[in-house]
Amino acid sequence: MKTLSWNDPIVRDELRRLKRLKPFCYGLTNYIAANLSANVLLAVGAGPAIGAALDWQRAFSSHAHAVWINAACLMSNSPAEVAEAAIGARGAGVPWVLDPVAVGAGAVEYDTAIRHLLDHKPTAIRGNASELVALAGGEGGAQGVETTLGAEQALPVIQQEALKYQTVIAVSGPIDYITDGHNTLSVEGGDARLTQVTGAGCSLGALSAAFLAGSANPLYSVAAAHAVYAEAAQRAGGAKGTGSFAVQFLDQLSLLDPDEPSA
Amino acid sequence: MKTLSWNDPIVRDELRRLKRLKPFCYGLTNYIAANLSANVLLAVGAGPAIGAALDWQRAFSSHAHAVWINAACLMSNSPAEVAEAAIGARGAGVPWVLDPVAVGAGAVEYDTAIRHLLDHKPTAIRGNASELVALAGGEGGAQGVETTLGAEQALPVIQQEALKYQTVIAVSGPIDYITDGHNTLSVEGGDARLTQVTGAGCSLGALSAAFLAGSANPLYSVAAAHAVYAEAAQRAGGAKGTGSFAVQFLDQLSLLDPDEPSA
Amino acid sequence: MKTLSWNDPIVRDELRRLKRLKPFCYGLTNYIAANLSANVLLAVGAGPAIGAALDWQRAFSSHAHAVWINAACLMSNSPAEVAEAAIGARGAGVPWVLDPVAVGAGAVEYDTAIRHLLDHKPTAIRGNASELVALAGGEGGAQGVETTLGAEQALPVIQQEALKYQTVIAVSGPIDYITDGHNTLSVEGGDARLTQVTGAGCSLGALSAAFLAGSANPLYSVAAAHAVYAEAAQRAGGAKGTGSFAVQFLDQLSLLDPDEPSA
């Protein structure tokens, strides 16, 4: 399995491409993570719009460069509105990311709504191990939005599911794994305090969408998003507590320069 | 009246207990305070989930270790959804906290919905003086979410109401008071700039719920939450402005160590 | 055209007036910007309440000192709820600000709902160039919430529209312009990174409302809000990345002292 990091030219190239395109990224997400998700996108030069205000989900999903749907947007949006965003993106050939937050945590109606979204062929799916195992029909054991499984435990499952849905699947953990079923990449590094910043996982879904905008290689684009995230988190590692860590993480994300010399 | 502070062994014990349990805390709250509330819980090691996405309020309220309901969640949730969360918690023996934000500020339908929640026997109620006086049927004089009364003025009222509803009631102010009607504790310290950080009061409701998870003594658990909050705020006191204060407050909250030597 | 800055006595006077009044400001806004908008208002001493929880929009709009309506609140509120807030403010003689976020970006139903709000005579309108040109019926070319036009390009349009609607219109850009159609003021300075902080524009709408509370001169009050914003952004200019910039911007806003000596 290949390990990808900020020092790989392909990651730099992907970030350079993103900064040049400045993609308009449209997202449906939950209101806990919406602010951070937008700031993460702005930090790397993307232009976010979030939410379903009247007909936004029809108008914006098809005109964006990329779309992300965080399933917990169902706390603000109806299943029909969410489906419109997925259908709009799919119909217009816009790449879209599904983040099945808290699937398998015991909310049956919610889980069903997420499964219906799979019909609209997400370009990529990202989540934690419990969520991705549950999405595949297994016993994920999610406790609310938290995982109780390690990323390694989800790896065989997501490799199988990626083939089945012809999509890229990424599982977050101390080591992240990103697979299209044929090839699997890993991303190391990061900082455990990312799990103490609410919405950090959700924002990685948004960032993955931004990297998918205009991508020639979805597997590498999603992996690059994870590598950039891990690098920014690592550079914020000197922060004193969880509040400063979140601020310095955004700082570092905004300062990452594709042209800096490799370490 | 006993004064409780971070230096009291019982406060340290309560935080130690919380950090060991890592309670799953489910909340319905307003979208202004949701992000900070989640980060406050994550800072002390609790695991938050927020919002009513389809059937979350049924599935999560009964499986959480603790629940908090911030009445301003009614900007996103129907009264029926909110009641489901309260009923779910109550039915499963899960402690739950009611935060009657802005009750008595002139919104009659809103106030009525809050009063109905009292039927489901909150384990604790927290608010500012205007809110708690209004909740008891008095003239609270709230201006939106701001109090116009001092905490001392609410003290006799909350002592009476705590007996009536067999609950713990906490009123926030320069000095906080926490009572079950029989005994009253006070918590001093903190920093006035907490009132300039939106959602800081709301997040204290969330933290109170986390301390109530698995608690043997609700009065002391809620008071411990207030003492921990006041200590973190005090330690953040060197911050330059309100933005840094919020960040350093979260930092200090995440760094509070139950095993550090008492001052 | 007169240029206004923090060093002008009238700007200091306006901030002094605001800090004395501590206006209760009621807003409907989107959940991405709600937290920052509230913190911006708290930083200058105003008291915000945000959202339509049951009958809040009826009760609070007529009792507030000022109201702001950010059209993207339509992601949480129905057009009828939003209209109630506008009608409540207008009927009670409470000044209100309209922020037509993302109008002209392609969402037809959404745009129509915004146009209906003009019937309720906003005291001021603020937006970026694309939005204000689109609101006037022109080709704004907005990409989601981002402008594709410069503020100068919108200037003749907003001067005309300000006369037509007898309102104050402010367009944000590297240089801001504020006009009532008869007179136009410009505000320079600021920091480009404000555009990388989500909700910074939306929060300026909230701050403009706060300055309009009890104002004797809406044109100068809205311009003063822009001058104060630009000054705080400039003072935060030493920040390292976009995360720190947002924090230091709030710090500087909270520290601005109307009585400090002019530069």
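Annotations for the structure displayed:
- Considering segment C:249-260, and only residues there that are open to solvent by less than 10 Å² (accessible area, probe 1.4 Å) and part of a helix (DSSP H, G or I), the residue that is farthest from A:SER244 (Cα to Cα) turns out to be C:LEU253.
- Selected residue (criterion: farthest from the other protein chains (Cβ to nearest Cβ)) from residues of segment C:219-248 that are among the small types (Gly, Ala, Ser) and not in a helix (DSSP H, G or I): C:GLY237
- Residues being over 12 Å from C:GLY127 (Cα atoms) and among the β-branched types (Val, Ile, Thr) - total across segment C:89-114: 4
- Answer residue from segment C:61-80, given it is in a helix (DSSP H, G or I) and of a type in the set (A, V, I, L, M) and is farthest from the other protein chains (Cβ to nearest Cβ) among those: C:ALA80
- For segment C:171-189, the condition of being assigned to a helix (DSSP H, G or I), more than 25 Å from C:CYS25 (Cα to Cα) and either within 14 Å of chain A (Cβ to nearest Cβ) or not acidic (Asp, Glu) (or both) holds for none of the residues.
- Residue among C:ALA210, C:ALA232, C:ALA227, C:ALA246 that is within 12 Å of C:LEU4 (Cβ to Cβ), surrounded by 24 or more Cβ atoms within 10 Å (Cβ to Cβ) and at pLDDT 95 or above: C:ALA227
- Residue check, B:THR167 touching a strand residue (DSSP E or B) at 6+ places or on another chain (Cβ under 7 Å) and of a type in the set (S, T, N, Q): yes
- Qualifying positions in segment C:152-190 - among the hydrophobic types (A, V, I, L, M, F, W, C) and either open to solvent by less than 30 Å² (accessible area, probe 1.4 Å) or in contact (Cβ under 8 Å) with a residue 40 or more places away in the chain (or both): C:ALA154, C:LEU155, C:ILE158, C:ALA162, C:VAL168, C:ILE169, C:ALA170, C:VAL171, C:ILE178, C:LEU185, C:VAL187
- Qualifying residue in segment B:20-33 (condition: over 22 Å from C:TYR31 (Cα atoms), open to solvent by 30 Å² or more (accessible area, probe 1.4 Å) and in a loop (DSSP other than H, G, I, E, B)): yes
- Residue that is nearest to the chain's Cα centre (by Cα) [pool: residues in segment B:130-151 that are more than 19 Å from B:THR198 (Cβ to Cβ) and surrounded by 24 or more Cβ atoms within 10 Å (Cβ to Cβ)]: B:LEU132
- Test for C:GLY205: is it more than 15 Å from B:GLY243 (Cα to Cα) and touching a Phe, Trp or Tyr at 6+ places or on another chain (Cβ under 6 Å): yes
- Taken together, A:SER215, A:SER208, A:SER203 contain a single residue that is in a loop (DSSP other than H, G, I, E, B), touching a helix residue (DSSP H, G or I) at 6+ places or on another chain (Cβ under 6 Å) and among the polar types (S, T, N, Q), which is A:SER215.
- Complete set of residues in segment B:65-88 that are more than 26 Å from B:ALA142 (Cβ to Cβ), in contact with a strand residue (DSSP E or B) (Cβ under 9 Å, 6 or more places away or on another chain) and free of Cβ contacts under 8 Å to residues at least 40 places away in the same chain: B:GLY88
- Residue match in segment C:87-106 (condition: of a type in the set (Lys, Arg), within 23 Å of B:THR148 (Cα to Cα) and part of a helix (DSSP H, G or I)): no
- Count of segment B:11-40 residues, restricted to those that are out of contact with any helix residue (DSSP H, G or I) (no Cβ under 7 Å at 6 or more places or on another chain) and either among the small types (Gly, Ala, Ser) or in contact (Cβ under 8 Å) with a residue 24 or more places away in the chain (or both), is 10.
- Residue in segment B:57-70 that is modelled with pLDDT of 95 or more, among the β-branched types (Val, Ile, Thr) and touching an Asp or Glu at 6+ places or on another chain (Cβ under 8 Å) present: yes
- Among the residues listed as C:ARG58, C:ARG17, the single one being open to solvent by 40 Å² or more (accessible area, probe 1.4 Å), in a helix (DSSP H, G or I) and closer than 16 Å to B:ALA72 by Cα: C:ARG58
- Scanning segment B:4-40 for residues that are over 30 Å from B:ILE114 (Cα atoms) and within 14 Å of chain A (Cβ to nearest Cβ) yields a count of 2.
Quick grid of which residues meet (1) farther than 21 Å from B:ILE178 by Cα; (2) under 18 Å from the mean Cα position of the chain (by Cα):
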| position | (1), (2) |
| --- | --- |
| B:LEU36 | yes, yes |
| B:ALA46 | yes, yes |
| B:ALA89 | yes, yes |
| B:ALA92 | yes, no |
| B:VAL101 | no, yes |
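- Filter pass, A:ARG193 being buried (at least 20 other Cβ atoms within 10 Å of the Cβ), among the charged types (D, E, K, R) and within 14 Å of another protein chain (Cβ to nearest Cβ): yes
- Residues located in segment B:34-63, provided they are more than 18 Å from A:GLN196 (Cβ to Cβ) and of a type outside the set (Phe, Trp, Tyr): B:GLY51, B:ALA52, B:ALA53, B:LEU54, B:ASP55, B:GLN57, B:ARG58, B:ALA59, B:SER61, B:SER62, B:HIS63
- Restricted to segment B:63-79, and to residues there that are open to solvent by 40 Å² or more (accessible area, probe 1.4 Å) and within 20 Å of B:ILE125 (Cα to Cα), the residue that is farthest from the chain's Cα centre (by Cα) is B:PRO79.
- Selected residue (only one of C:ALA43, C:ALA107, C:ALA53 is buried (at least 23 other Cβ atoms within 10 Å of the Cβ), free of Cβ contacts under 8 Å to residues at least 24 places away in the same chain and within 12 Å of chain B (Cβ to nearest Cβ)): C:ALA53
- Residue in segment C:83-93 that is within 24 Å of A:ALA49 (Cα to Cα) and open to solvent by less than 40 Å² (accessible area, probe 1.4 Å) present: yes
The values are calculated or read from the model by the stated rules, or taken from the named source; none is laboratory data. What you see is a predicted model, and the numbers here were worked out from it, not measured in a lab. Counting neighbours? That spans all protein chains shown, and the Cβs are built from the backbone with ideal geometry, glycine included. Note: accessible area is taken over every heavy atom of the protein model, side chains too, but ligands, DNA and RNA are not part of it. Shrake-Rupley method; radii C 1.70, N 1.55, O 1.52, S 1.80 Å.
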